[in-house]
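A.B. asks: For reference, the structure I am asking about is given below.
The values are calculated or read from the model by the stated rules, or taken from the named source; none is laboratory data. These numbers were taken from a predicted model, which means no experiment stands behind them. Using ideal geometry, Cβ is built from the backbone for each residue, glycine included, and neighbour counts are taken over all protein chains shown. All accessible areas refer to the heavy atoms of the entire protein, side chains included, with ligands and DNA or RNA removed. Shrake-Rupley method; radii C 1.70, N 1.55, O 1.52, S 1.80 Å.
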Amino acid sequence: MTLDSSYKQLLDSLSTAVIVVDAKLRFVHLNPAAEVLLAVSAARVLEEPLTAYFYESEAAVDALYDAHDRSLSYTKRRANWQLVHGEKLTVDYTVTPINESETLLIEVQPLDRLLRISRDESIIAAQETTRNLVRGMAHEIKNPLGGIRGAAQLLARELHKPDLAEYT
């Protein structure tokens, strides 16, 4: 099975990772974004089963076969993929059957970078909250101490014995 060259050119121009597989879940096409994501060369993996290069679960593989057999589209959120070289990816992906060519089109959005940015933003927000809490506590401690200091100075002026001044 080959892709029409105009479709191939269109898929190759996308920044979204796109994988096309046949009925036996063998690679038919990977666009450059998918090659980068999976760290493989399209020329080397064509006609190879996709499970040889990344794996999620048996249920995910069954869902792909089911999507092909029943012409069902579906989207999977926060899927954890184990790549062949050991790296783990968290991705969202959408599977769409292409009936005229008997293939499945899999659009993949990597989430690791987005999750890391979100986690970093949460840490920064938590640090800012902690900083504001510490400032508030320092202010609340400083105010009564200022009053106590003023009262001690007034009391020191009232004392007639100099040896008691050290207590104020």
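A.B. asks: How do the pairs read when you match residues in region 79-92 that are without any contact (Cβ under 8 Å) to a residue 12 or more places away in the chain with residues anywhere that are open to solvent by 20 Å² or more (accessible area, probe 1.4 Å), using Cβ under 7 Å and keeping only pairs 6 or more apart or on different chains?
C.D. replies: Close Cβ pairs satisfying both conditions: Lys88/Asn80; Lys88/Gln82.
A.B. asks: Under the condition of being in a strand (DSSP E or B) and among the β-branched types (Val, Ile, Thr), which residue from region 9-34 is farthest from the chain's Cα centre (by Cα)?
C.D. replies: The extreme case among them is Val28.
A.B. asks: Also, I was wondering about something else. Looking at Ala156, Ala151, Ala126, which one is hydrophobic (A, V, I, L, M, F, W, C) and within 38 Å of the chain's Cα centre (by Cα)?
C.D. replies: Numbers: Ala156 fails: within 38 Å of the chain's Cα centre (by Cα); Ala151 fails: within 38 Å of the chain's Cα centre (by Cα).
Going through Ala156, Ala151, Ala126 in turn, the sole match is Ala126.
A.B. asks: Another question, if that's okay. For Arg116, only one of the following conditions fails: (1) surrounded by 10 or more Cβ atoms within 10 Å (Cβ to Cβ); (2) among the basic types (Lys, Arg); (3) modelled with pLDDT of 75 or more. What is its number?
C.D. replies: (3)
A.B. asks: Sticking with this one: Any idea which of Val45, Val36 is at pLDDT below 90, open to solvent by 60 Å² or more (accessible area, probe 1.4 Å) and out of contact with any Pro (no Cβ under 9 Å at 6 or more places or on another chain)? Walk me through it before giving the result.
C.D. replies: Numbers: Val45 fails: open to solvent by 60 Å² or more (accessible area, probe 1.4 Å).
Only one candidate passes the filter, namely Val36.
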